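Derivation of every value follows stated rules applied to the coordinates shown; laboratory data play no part. These figures come from a predicted structure and were not determined experimentally. Cβ placement follows ideal geometry from the backbone for every residue including glycine, while neighbour counts extend to all protein chains displayed.
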Amino acid sequence: MKNLLIVEDSFIDLNNFIPLFLRKGFNVLITRSGAEALRIIENSPPDIILLDVILPDISGFNVCQRLKQKAATKNIPVVICSIRKSEIEQFWGLKIGANAYLTKPVGQENLVNTIDRLVA
């Protein structure tokens, strides 16, 4: 069973994402803050991370950048899923190391296919 860490502060999105990935056989961990995500990842690295950009403390961009700069975490796939849709934000997310950048609202099939492709 693959471990998926969802870093998302929206209860609506969490209520959509959690059952979707539980049905797909993932062990789902959740946090609503970037700082807590970094602590979780340091103590128990997941197989993949679904990361929002707009978080209450540290931005998802900053979380991703920190992960990709460390040898111990740089190979963990990161999928950014954000309401931020501009080309520059998508470019920046991929430039700092995200493996994929999806915009909300995201289709379930697209989300699942992206996650499956990166953990295969």
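Label-to-label distance for Ile30 and Ala120 is 2.8 nm, based on points extended 7 Å past Cα in the beta-carbon direction. With a Cα cut-off of under 26 Å and a minimum spacing of 8 residues unless on different chains, the lysine pairs in the chain number 18. Label sites at Asp47 and Thr103, each approximated as a point 7 angstrom past Cα along Cα to Cβ, lie 3.0 nm apart.
Across segment 105-110, computed HN-Hα scalar couplings (Karplus, 6.51 cos²θ - 1.76 cosθ + 1.60, θ = phi - 60°) run x, 9, x, 4, 5, 4 Hz from first to last residue, x flagging Gly and Pro. Using only the Cα atoms of segment 3-119, build the gyration tensor, take square roots of its eigenvalues as a ≥ b ≥ c, and label the shape rounded, prolate or oblate: rounded if a/c is under 1.5, else prolate if a/b is larger than b/c, else oblate. Note, shape of segment 3-119 comes out rounded. Comparing Ile88, Ile30, Ile41 in a Gaussian network model of the chain, where Cα atoms under 10 Å apart are tied by springs, the biggest mean-square fluctuation is seen for Ile88.
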